[in-house]
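Okay, so here's the structure we're looking at.
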Amino acid sequence: MSVRTHSLMRKASRFAARHTLQRWLPLRRQRAVISFSFDDVALSACTTGAALLQEYQARATFFVCGGLENQLEQGQLCHHGAQLQQLHSDGHEIACHTYSHLNCELQPLSVLQADWDRNRQYLAELGIPASGFAFPFGAYDLGSKHAAAQRFSYSRITGGGMQQGRADLHALRAQALYAGKTTDEEISHLIAEAAAQGAWLIFYSHEVSDQPGPWGTTPAQLRFALQTARDAGCELLNIRDAIQAYQAFSA
Ligand SMILES: [Zn+2]
(Lines give C-alpha, C1' and ligand atoms only; values in the text may rest on other atoms or scores of the structure.)
Protein backbone atom coordinates (compact mmCIF):
# COMPACT_ATOMS: atom_id res chain seq x y z
CA MET A 1 0.00 0.00 0.00
CA SER A 2 1.33 3.46 -0.83
CA VAL A 3 2.08 5.96 1.90
CA ARG A 4 -0.64 8.18 0.47
CA THR A 5 -3.25 5.43 0.54
CA HIS A 6 -2.24 4.50 4.05
CA SER A 7 -2.49 8.10 5.17
CA LEU A 8 -5.93 8.45 3.56
CA MET A 9 -7.11 5.28 5.27
CA ARG A 10 -5.92 6.58 8.61
CA LYS A 11 -7.73 9.85 8.03
CA ALA A 12 -10.90 7.97 7.09
CA SER A 13 -10.58 5.77 10.16
CA ARG A 14 -10.10 8.79 12.44
CA PHE A 15 -13.07 10.54 10.82
CA ALA A 16 -15.24 7.46 11.30
CA ALA A 17 -14.06 7.14 14.88
CA ARG A 18 -14.84 10.77 15.68
CA HIS A 19 -18.31 10.60 14.18
CA THR A 20 -19.49 7.31 15.64
CA LEU A 21 -19.73 5.81 19.11
CA GLN A 22 -20.59 9.18 20.58
CA ARG A 23 -21.94 9.58 24.09
CA TRP A 24 -23.41 13.03 24.32
CA LEU A 25 -23.38 15.06 27.49
CA PRO A 26 -25.65 18.11 27.20
CA LEU A 27 -23.96 21.34 28.28
CA ARG A 28 -26.91 23.31 29.62
CA ARG A 29 -25.12 25.51 32.11
CA GLN A 30 -24.77 29.10 31.01
CA ARG A 31 -21.34 29.72 32.47
CA ALA A 32 -18.34 28.64 30.42
CA VAL A 33 -15.93 26.10 31.88
CA ILE A 34 -12.19 26.05 31.26
CA SER A 35 -10.25 22.88 32.15
CA PHE A 36 -6.48 22.49 32.30
CA SER A 37 -4.82 19.12 31.77
CA PHE A 38 -1.26 17.82 31.72
CA ASP A 39 -0.19 14.68 29.88
CA ASP A 40 2.52 12.09 30.68
CA VAL A 41 3.16 13.76 33.48
CA ALA A 42 6.25 15.94 33.88
CA LEU A 43 7.54 16.71 37.37
CA SER A 44 7.21 20.45 36.73
CA ALA A 45 3.51 20.03 35.95
CA CYS A 46 3.05 18.37 39.36
CA THR A 47 4.93 21.14 41.17
CA THR A 48 4.88 24.49 39.30
CA GLY A 49 1.73 23.69 37.33
CA ALA A 50 -0.32 22.46 40.28
CA ALA A 51 0.81 25.39 42.47
CA LEU A 52 -0.30 27.91 39.83
CA LEU A 53 -3.66 26.20 39.45
CA GLN A 54 -4.14 26.24 43.22
CA GLU A 55 -3.30 29.93 43.35
CA TYR A 56 -6.44 30.37 41.23
CA GLN A 57 -8.43 27.94 43.43
CA ALA A 58 -8.45 25.64 40.42
CA ARG A 59 -7.61 21.97 40.03
CA ALA A 60 -6.23 20.23 36.94
CA THR A 61 -6.43 16.78 35.37
CA PHE A 62 -3.15 14.85 35.18
CA PHE A 63 -3.05 12.07 32.59
CA VAL A 64 -0.47 9.69 33.94
CA CYS A 65 1.68 7.01 32.30
CA GLY A 66 2.85 4.76 35.15
CA GLY A 67 5.80 3.62 33.06
CA LEU A 68 7.17 7.18 32.97
CA GLU A 69 7.62 7.41 36.75
CA ASN A 70 11.05 8.94 37.43
CA GLN A 71 11.82 8.66 33.70
CA LEU A 72 12.76 11.24 31.12
CA GLU A 73 10.17 11.93 28.45
CA GLN A 74 11.12 14.45 25.74
CA GLY A 75 13.99 15.49 28.03
CA GLN A 76 11.63 16.21 30.93
CA LEU A 77 11.85 14.40 34.24
CA CYS A 78 8.49 12.84 35.07
CA HIS A 79 6.40 12.40 38.18
CA HIS A 80 6.88 10.07 41.09
CA GLY A 81 4.18 8.24 43.01
CA ALA A 82 4.18 10.37 46.17
CA GLN A 83 3.51 13.48 44.08
CA LEU A 84 0.52 11.89 42.41
CA GLN A 85 -0.86 10.97 45.84
CA GLN A 86 -0.41 14.59 46.95
CA LEU A 87 -2.14 15.93 43.85
CA HIS A 88 -4.99 13.47 44.37
CA SER A 89 -5.44 14.52 48.00
CA ASP A 90 -5.32 18.20 46.95
CA GLY A 91 -8.37 17.60 44.74
CA HIS A 92 -6.69 17.33 41.36
CA GLU A 93 -7.85 14.57 39.06
CA ILE A 94 -5.48 11.72 38.26
CA ALA A 95 -6.41 9.90 35.08
CA CYS A 96 -4.95 7.35 32.66
CA HIS A 97 -2.72 7.97 29.62
CA THR A 98 -1.74 4.27 29.13
CA TYR A 99 1.14 2.73 31.10
CA SER A 100 3.68 2.77 28.26
CA HIS A 101 2.58 5.91 26.40
CA LEU A 102 1.17 3.74 23.63
CA ASN A 103 -0.09 4.97 20.33
CA CYS A 104 -3.56 3.41 20.57
CA GLU A 105 -4.38 3.78 16.89
CA LEU A 106 -4.31 0.43 15.14
CA GLN A 107 -2.91 -1.17 18.30
CA PRO A 108 -3.95 -4.79 18.88
CA LEU A 109 -6.71 -4.54 21.48
CA SER A 110 -5.15 -7.26 23.62
CA VAL A 111 -1.98 -5.15 23.94
CA LEU A 112 -4.00 -2.06 24.73
CA GLN A 113 -6.14 -3.79 27.36
CA ALA A 114 -3.10 -5.28 29.10
CA ASP A 115 -1.39 -1.89 29.13
CA TRP A 116 -4.50 -0.18 30.56
CA ASP A 117 -4.70 -2.88 33.25
CA ARG A 118 -1.09 -2.24 34.14
CA ASN A 119 -1.67 1.50 34.52
CA ARG A 120 -4.78 0.94 36.62
CA GLN A 121 -2.76 -1.40 38.82
CA TYR A 122 0.02 1.19 39.13
CA LEU A 123 -2.47 3.86 40.27
CA ALA A 124 -4.40 1.42 42.49
CA GLU A 125 -1.19 0.64 44.36
CA LEU A 126 -0.89 4.36 45.06
CA GLY A 127 -4.48 4.36 46.33
CA ILE A 128 -5.67 6.53 43.45
CA PRO A 129 -8.90 5.77 41.60
CA ALA A 130 -8.79 6.91 37.97
CA SER A 131 -11.70 6.76 35.57
CA GLY A 132 -10.74 9.23 32.84
CA PHE A 133 -8.46 8.70 29.87
CA ALA A 134 -6.50 10.70 27.28
CA PHE A 135 -5.19 9.10 24.09
CA PRO A 136 -1.39 9.55 23.81
CA PHE A 137 -0.53 11.65 20.73
CA GLY A 138 -4.29 12.16 20.34
CA ALA A 139 -4.13 8.97 18.26
CA TYR A 140 -7.20 6.75 18.15
CA ASP A 141 -9.30 4.75 15.74
CA LEU A 142 -12.70 3.11 15.90
CA GLY A 143 -11.47 0.02 17.76
CA SER A 144 -9.55 1.91 20.42
CA LYS A 145 -12.33 4.48 20.85
CA HIS A 146 -14.78 1.64 21.42
CA ALA A 147 -12.48 -0.17 23.85
CA ALA A 148 -11.78 3.04 25.79
CA ALA A 149 -15.50 3.83 25.90
CA GLN A 150 -16.16 0.52 27.62
CA ARG A 151 -13.46 1.06 30.22
CA PHE A 152 -13.28 4.78 30.99
CA SER A 153 -15.86 7.37 32.02
CA TYR A 154 -14.51 9.68 29.32
CA SER A 155 -11.71 9.94 26.73
CA ARG A 156 -9.91 13.14 25.77
CA ILE A 157 -8.41 13.66 22.34
CA THR A 158 -6.37 16.55 20.90
CA GLY A 159 -6.63 18.56 17.70
CA GLY A 160 -8.17 21.77 19.01
CA GLY A 161 -11.72 22.99 19.30
CA MET A 162 -14.07 23.10 22.26
CA GLN A 163 -17.38 21.57 23.33
CA GLN A 164 -20.39 23.71 22.51
CA GLY A 165 -23.93 22.73 23.43
CA ARG A 166 -22.93 19.11 23.93
CA ALA A 167 -19.78 17.10 24.50
CA ASP A 168 -18.87 13.66 23.20
CA LEU A 169 -17.60 11.99 26.37
CA HIS A 170 -15.79 9.42 24.26
CA ALA A 171 -13.78 12.08 22.37
CA LEU A 172 -13.50 15.34 24.29
CA ARG A 173 -11.75 17.95 22.18
CA ALA A 174 -8.81 19.80 23.62
CA GLN A 175 -6.60 22.70 22.72
CA ALA A 176 -2.79 22.69 23.04
CA LEU A 177 -1.20 25.18 25.43
CA TYR A 178 2.35 25.22 24.05
CA ALA A 179 4.58 28.22 24.71
CA GLY A 180 6.31 27.93 21.32
CA LYS A 181 3.06 27.64 19.38
CA THR A 182 0.02 29.01 21.17
CA THR A 183 -0.04 32.81 21.19
CA ASP A 184 -1.60 35.00 23.86
CA GLU A 185 -4.00 36.29 21.20
CA GLU A 186 -5.12 32.75 20.46
CA ILE A 187 -5.64 32.03 24.16
CA SER A 188 -7.62 35.24 24.63
CA HIS A 189 -9.71 34.55 21.54
CA LEU A 190 -10.51 30.96 22.57
CA ILE A 191 -11.46 31.94 26.10
CA ALA A 192 -13.57 34.87 24.89
CA GLU A 193 -15.38 32.55 22.49
CA ALA A 194 -15.94 29.96 25.22
CA ALA A 195 -17.28 32.68 27.55
CA ALA A 196 -19.60 34.07 24.86
CA GLN A 197 -20.95 30.63 23.91
CA GLY A 198 -21.10 29.18 27.43
CA ALA A 199 -18.82 26.45 26.07
CA TRP A 200 -16.38 24.03 27.65
CA LEU A 201 -12.77 24.53 26.65
CA ILE A 202 -10.06 22.06 27.66
CA PHE A 203 -6.38 22.96 27.47
CA TYR A 204 -3.62 20.37 27.51
CA SER A 205 0.13 20.73 27.94
CA HIS A 206 3.15 18.86 29.29
CA GLU A 207 5.94 20.48 31.31
CA VAL A 208 5.60 23.89 32.98
CA SER A 209 9.02 25.48 32.71
CA ASP A 210 10.70 28.77 31.86
CA GLN A 211 12.49 26.90 29.08
CA PRO A 212 9.98 24.36 27.86
CA GLY A 213 10.38 22.03 24.91
CA PRO A 214 7.98 22.29 21.95
CA TRP A 215 5.16 20.58 23.87
CA GLY A 216 5.38 22.49 27.13
CA THR A 217 4.12 25.73 28.58
CA THR A 218 5.76 28.42 30.71
CA PRO A 219 4.54 29.56 34.13
CA ALA A 220 3.83 32.94 32.52
CA GLN A 221 1.69 31.44 29.76
CA LEU A 222 -0.22 29.22 32.18
CA ARG A 223 -0.82 32.20 34.47
CA PHE A 224 -2.00 34.26 31.50
CA ALA A 225 -4.53 31.57 30.54
CA LEU A 226 -5.75 31.22 34.14
CA GLN A 227 -6.07 34.97 34.61
CA THR A 228 -7.80 35.45 31.26
CA ALA A 229 -10.28 32.69 32.10
CA ARG A 230 -10.99 34.20 35.48
CA ASP A 231 -11.36 37.73 34.05
CA ALA A 232 -13.82 36.36 31.48
CA GLY A 233 -15.95 34.93 34.30
CA CYS A 234 -15.31 31.30 33.35
CA GLU A 235 -15.41 28.51 35.88
CA LEU A 236 -12.15 26.60 36.35
CA LEU A 237 -12.84 22.89 36.81
CA ASN A 238 -10.86 19.79 36.04
CA ILE A 239 -12.43 17.40 33.53
CA ARG A 240 -13.95 15.04 36.12
CA ASP A 241 -15.53 17.89 38.08
CA ALA A 242 -16.77 19.61 34.92
CA ILE A 243 -18.57 16.43 33.85
CA GLN A 244 -20.11 16.07 37.31
CA ALA A 245 -21.29 19.69 37.24
CA TYR A 246 -22.86 19.28 33.79
CA GLN A 247 -24.47 15.98 34.77
CA ALA A 248 -25.89 17.47 37.98
CA PHE A 249 -27.39 20.32 35.97
CA SER A 250 -28.96 17.94 33.44
CA ALA A 251 -30.36 15.48 36.00
ZN1 LIG B 1 1.42 11.91 26.13
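The values are calculated or read from the model by the stated rules, or taken from the named source; none is laboratory data. Just so you know, these numbers come straight off a predicted model, no measurement behind them. Glycine gets a Cβ as well: all are built from the backbone with ideal geometry, and neighbour counts include every protein chain shown. Surface areas here come from the heavy atoms of the whole protein model, side chains and all, with no ligands, DNA or RNA. Shrake-Rupley method; radii C 1.70, N 1.55, O 1.52, S 1.80 Å.
Summarising the label geometry, the points placed 7 Å from Cα in the beta-carbon direction at LEU106 and GLN211 lie 3.7 nm from one another. Take each peptide in 149-155, 8-14, count the other Cβ atoms within 10 Å of every residue, and average; sorted highest first, the result is 149-155, 8-14.
The modelled label-to-label distance between PHE15 and SER89, using points 7 Å beyond Cα along the C-beta direction, is 5.1 nm. Sequence-ordered 3J(HN,Hα) estimates for the stretch 38-51 from the Karplus curve with 6.51, -1.76 and 1.60 and θ = phi - 60° stand at 10, 9, 3, 10, 5, 3, 5, 5, 5, 9, 4, x, 4, 5 Hz, glycine and proline given as x.
Note down the net charge around GLN22, summing +1 for each Lys or Arg and -1 for each Asp or Glu among other residues with Cβ under 13 Å from its Cβ. Before the final figure, lay out each step's value.
On the way: positive: ARG18, ARG23, LYS145, ARG166, ARG173; negative: ASP168.
Spelling it out: positives minus negatives among the neighbours equals +4.
Taking 7 Å steps out from each Cα toward its Cβ at ASP184 and ALA124 produces label points 4.8 nm apart.
Just want the answer: with Cβ charges of +1 for Lys and Arg and -1 for Asp and Glu, which residue in ALA60, VAL33, PRO108 is farthest toward the dipole's positive end in the stretch 21-169? So the residue furthest toward the plus end is VAL33.
Counting only protein heavy atoms and using a 1.4 Å probe, the accessible area of LEU77 comes to about 80 Å². With the helix formula -39500 (n - 2.57) applied to DSSP H stretches of n ≥ 4, the chain reaches a computed 222 nm mean residue ellipticity of -12000 deg cm²/dmol.
Between ALA179, ALA45, ALA82, find the one with the highest GNM mean-square fluctuation for the chain; connect C-alpha pairs within less than 10 Å. Most flexible of the set in this elastic network: ALA82.
GNM on the chain, C-alpha springs below 10 Å: top fluctuator among ALA195, ALA60, ALA42? Its mean-square fluctuation being the largest, the pick is ALA195.
Suppose R0 equals 25 Å. What FRET efficiency, 1/(1 + (r/R0)^6) with r the Cβ-Cβ distance, do ARG223 and GLN74 give to the nearest 0.05? For R0 = 25 Å, the calculated efficiency reads 0.65.
For the ranges 20-32, 111-123, what's the packing order if you count other beta-carbon atoms within 10 Å of each residue, average per peptide, and put the highest first? Show your work: numbers first, answer last.
On the way: 20-32: 14.5, 111-123: 16.5.
Descending mean neighbour count gives 111-123, 20-32.
At a probe radius of 1.4 angstrom, the accessible area of the chain per residue rounds to 44 square angstrom. Calculate I(q)/I(0) for the stretch 27-250 by the Debye formula, one identical point scatterer on each C-alpha and no solvent, and give its log10 at q = 0.08 Å⁻¹ to two decimals. Those come out to -0.25, one per q. The slack between GLN150 and GLN247, meaning 0.36 nm per residue of separation minus the straight C-alpha distance, is 33.0 nm.
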